[in-house]
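A short write-up of the structure that comes next.
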Amino acid sequence: MNDFLELDTAGPVLIVGGYGTVGTALTQLAATEWPLLLTGRNPERGSHLISEGVPSPNVALRKWDLNQAEPFAAKVRAVISTVNDPNDRVLRAAVGSGIPYVDVTRWTSRVTRAITLATLLKPTAPVLLSSGWMGGVTNIVAAFLAKELGGADHVDVAIRYDTSDQAGADSVDFIDRLGLDFEVRKGGKAAVVRPLTDTRWVDIAGHRTKVARLDTPEQFTLPLTLGAGSVATRIGFSSNTSTTALLAARTAGLFRWGSGERWAPLRRSLLYSPGSGGIAHVRVDVKGPLGERTAVISDPQGQAHLTALGGLLGLFNVLGAAAEPGVSFPESSTALGSAVAKLESHGVTILRS
């Protein structure tokens, strides 16, 4: 691709997918901090942001269709991707031009590819791969607890996915990964896990929720960054019917024999039914040398808002005075306490025990 981005430290922050579900939430948060350039396939779909009075003196909309060969050029101070970037166009354009870059949308295998590609490009600016659950918020809270415990031997993450919440199509792309086994660290050793197995009941914000294993990037990064010997992420749903249907589909082998495009509508119908809004809940349990701690993260504005906050923290990270060139992850931040405080200042509750 012949995309050409140029670093302009006084220019806008480029939000790729800036008027999608997560992009809209991020735009509303970031518009008070920086001028913004929003891109996507259909710029006219983002006109509502300006008409609704997004608080920024300078919000621009332009077309950048990542699936079309038409090149894109812009001068920007930072780039954040809130959409899938299967051909790494955004990553290549930003990193190749020495522009601070944040990504909140990659699943694990694409995170590993991004690490390799970014390293080969020899970045001269920060490259933050913040694709852990909810834009890396889970990673930050886990690392915050681990710091209090003198480290992390074991990390357990339990997600309560509200089926009435607003959701973009990209947010449920993980459902297409449910037919693929994945590798985690267990007891300090590599172990292969089948999705939607190893079920258990967990109390999440007062809700007794049945959860099962899911492939997420923090299970790959936390052992590397925190030295955790075991990391497990599980997901359950606010609707018992949805949980039962998903587990039954796994037992019937839908995610293996029905993995092609023909069956995509059926697979997605099990989860993708976005509503008018819901509450995002995530429980994080950490065991370390000094004991055990639990944090329950709750965002009354839902998962898109919480993911957008993860993106906002990522932008502050890569644009901060202490930011260094190279690849990093959200839990690598040296300002974990400030990140937690900023989450709470935006209405997120983090109950620690």
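The values are calculated or read from the model by the stated rules, or taken from the named source; none is laboratory data. All figures in this text were calculated on a predicted structure; none of them were measured in a lab. Here the Cβ is made from the backbone with ideal geometry for all residues, glycine too, and neighbour counts use every protein chain on show. Surface accessibility is based on the protein's heavy atoms, side chains included, excluding ligands, DNA and RNA. Shrake-Rupley method; radii C 1.70, N 1.55, O 1.52, S 1.80 Å.
Of note:
- Only DSSP H runs of four or more residues enter the estimate; each adds -39500 (n - 2.57), and after division by the residues of the chain the mean residue ellipticity at 222 nm equals -8500 deg cm²/dmol.
- Here is the size of the range 306-353 from its Cα atoms: Rg then Dmax, 11.4, 36 Å.
- Gap separating the Cα centres of the range 287-315 and the range 67-143, nearest whole Å: 20 Å
- Highest-first packing order for the peptide set 63-72, 243-252 is 243-252, 63-72, based on the mean count of other beta carbon atoms within 10 Å.
- Among Ala118, Ala10, Ile80 the positive-end extreme of the charge dipole of the chain (Cβ point charges): Ala118
- Taking only the alpha carbons of the chain, we obtain Rg and Dmax values of 19.4, 55 Å in that order.
- Solvent-accessible area, 1.4 Å probe, carbon plus sulfur percent, for the chain: 51 percent
- With a cut-off of 14 Å between beta carbons, the residues surrounding Leu145 carry a summed charge of -2, where Lys and Arg count +1 and Asp and Glu -1.
- Taken about its Cα centre, the range 14-160 carries a charge dipole of about 380 debye when Lys and Arg each add +1 at the Cβ and Asp and Glu each add -1 at the Cβ.
- Val184 sits among other residues whose Cβ lies under 9 Å from its own Cβ, and their net charge, with Lys and Arg +1 and Asp and Glu -1, is +1.
- Charge dipole (debye, nearest 20) of the chain; +1 at Cβ of Lys and Arg, -1 at Cβ of Asp and Glu: 800 debye
- By accessible area with a 1.4 Å probe, ligands and nucleic acids excluded, highest first: order of Lys75, Lys122: Lys122, Lys75
- A cut-off under 13 angstrom between Cβ atoms defines the neighbours of Asp8, and their net charge, with Lys, Arg +1 and Asp, Glu -1, is +1.
- Accessible area (Å², per residue) of the chain, counting only protein heavy atoms and a probe of 1.4 Å: 42 Å²
- Near Gly11, the amide H atoms lying under 5 Å from its own belong to Arg77; only residues 5 or more places off or on other chains count, and H is placed 1.01 Å from N.
- Working value for the range 27-143: equivalent-ellipsoid semi-axes of 24, 18, 14 Å, each the square root of 5 times a Cα gyration tensor eigenvalue, largest first.
- Sorted peptide list for 279-287, 97-105, criterion being average Cβ within 10 angstrom, highest first: 97-105, 279-287
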